[in-house]
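To start, the structure under review is shown below, and the notes come after it.
Quick note: the coordinates plus some simple rules give every number you see, no bench work behind them. Just so it is clear, the model here is predicted, and its values are computed rather than measured. Because the Cβ atoms are built from the backbone with ideal geometry, glycine has one as well, and the counts that use them run over all protein chains shown.
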Amino acid sequence: MINTNPNYETCQISDIKKIIEKKNYNLIGDVIEFGTFTGGSTKTLSSLFPEKTIFTIDHFQGLEKTNKNVPKDSDWIERAFALDNPLYVDNSNVPKSIDELLERFKGHDNIKMIISDVHQLTQPSDYGIGKIAICNLDVDIYEPAVSALEFLTKCEWSEVFIRFDDWHGGESEYDQHERLAFSEWIEKYKYEFIITHGGFIGGVYVKR
Ligand SMILES: C[S@@+](CC[C@H](N)C(=O)[O-])C[C@H]1O[C@@H](n2cnc3c(N)ncnc32)[C@H](O)[C@@H]1O
């Protein structure tokens, strides 16, 4: 199982720009994001990469019940991050409906929202998805992370940079989530990879 030192760098979204400009990488294509929720990260990606399409996927139902251990200091309860969860009624950062979220995306014409359960996604071409250079993975727990990575395999790319919002390098309580899904994916497909960021938020360059 892949783990990293918690003192490693953390991958801010803005770091992705430096990564894709690296001369030794050949990252070509659009951006795919798993986990839209407030649209915060989506809007940041849209502004950072105005020339790219940002495909962002969410069913807005929040988290399912995971079969893995839930880290004690996480907020990963079932239905966490569901738009209609009463937990967020007084939280102005959380849109109360998909329509409200779409309002927030006004002026960000390069965002394409795909409302779907990641476990039910079909073929990338069904959503107009072509070449992918960047993936922002933010579905928190193991099960949707597995399905998100399987969908990424179906996309067109020879090199891709993946930002893992919940990598938690060195935190053993988080061993069974994004890092496990990533380790199994790498093992299954035998992709080459370089971990560029191994701290709280991970970053990995992958080649096939
Ligand atoms: C932590 S939030 C994402 C935060 C977001 N990037 C932001 O900036 O606000 C996790 C999101 O993953 C979504 N999610 C979790 N499991 C999913 C699944 N099986 N299918 C689709 N979306 C899922 C949840 O609905 C939730 O909106």
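In a shell of Cβ-Cβ distance under 14 Å around residue 187, excluding residue 187 itself, what net charge do Lys and Arg (+1) and Asp and Glu (-1) give?
Details: positive: 179, 188, 190, 208; negative: 150, 184, 192.
Computed value for this residue: +1.
Show that you can apply the helix-only estimate: for the chain, add -39,500 (n - 2.57) for every DSSP H stretch of four or more residues, divide by all residues, and state [θ] at 222 nm to the nearest 500.
Calculated mean residue ellipticity at 222 nm is -6500 deg cm²/dmol.
Quick check on the exposure proxy: order 48, 27 from fewest to most C-beta atoms within 10 angstrom. Intermediate results must be reported in sequence, preceding the final value.
Values: 48 16, 27 20.
So the ranking, lowest neighbour count to highest, is 48, 27.
For segment 71-169, what's the relative contact order in percent, using C-alpha pairs closer than 8 Å and at least 6 residues apart?
On the way: 65 pairs, mean separation 23.8, N = 99.
The value is 24 percent.
Using Cα-Cα distances under 8 Å and only pairs 6 or more residues apart, what relative contact order does segment 15-207 have, in percent? Present the calculation step by step, with values, prior to reporting the outcome.
Numbers: 343 pairs, mean separation 45.1, N = 193.
Relative CO of segment 15-207 lands at 23 percent.
What shape does segment 1-93 take by its C-alpha gyration tensor, where a ≥ b ≥ c are the square roots of the eigenvalues and a/c under 1.5 counts as rounded, a/b above b/c as prolate, and the rest as oblate?
Numbers: a/c = 2.27, a/b = 1.40, b/c = 1.62.
The shape class here is oblate.
Could you compute the net charge surrounding residue 98? Neighbours are other residues with a C-beta less than 12 Å from the C-beta of residue 98; K and R count +1, D and E count -1. Intermediate results must be reported in sequence, preceding the final value.
Values: positive: 96, 104; negative: 58, 84, 99, 100, 103.
With Lys, Arg at +1 and Asp, Glu at -1, the neighbours total -3.
If each residue's Cβ is checked for other Cβ atoms within 10 Å, how do 155, 11 rank with the fewest at the top? Let's see the in-between values first.
Values: 155 19, 11 26.
Going from sparsest to densest Cβ surroundings: 155, 11.
Looking only at 23, 96, 43, which one moves most when the chain is put into a Gaussian network model with springs between Cα atoms under 10 Å?
So, out of 23, 96, 43, the one fluctuating most is 23.
Taking neighbour Cβ counts within 10 Å as the exposure measure, how do 30, 15 sort from fewest upward? Intermediate values should be presented prior to the final figure.
Working: 30 22, 15 17.
Ordered from fewest to most neighbouring Cβ atoms within 10 Å, 30, 15 come out as 15, 30.
Between their Cα atoms, which of 68/154; 18/52; 43/112; 18/154 are more than 19 Å away from each other?
Numbers: 68/154 25 Å; 18/52 15 Å; 43/112 11 Å; 18/154 26 Å.
Checking Cα-Cα distances, 68/154; 18/154 exceed 19 Å.
Kindly write out, for segment 89-94 in residue order, the coupling ³J(HN,Hα) from the Karplus curve 6.51 cos²θ - 1.76 cosθ + 1.60 (θ = phi - 60°), rounded to whole Hz, with x marking Gly and Pro.
4, 9, 9, 6, 6, 9
Is segment 15-207 best put as rounded, prolate or oblate by its Cα gyration tensor, with a ≥ b ≥ c the root eigenvalues, rounded for a/c under 1.5, and otherwise prolate when a/b is larger than b/c, oblate when not?
Note, shape of segment 15-207 comes out oblate.
How many angstrom lie between the C-alpha centres of segment 88-107 and segment 1-77?
Spelled out, the Cα-based centre of one part sits 19 Å from the other.
Whole-Hz ³J(HN,Hα) for each residue in segment 35-50, computed from phi via Karplus 6.51 cos²θ - 1.76 cosθ + 1.60 with θ = phi - 60°, x for glycine and proline: what do you get?
Along segment 35-50, the couplings run x, 8, 6, 7, x, x, 5, 5, 5, 4, 5, 4, 6, 5, 10, x Hz.
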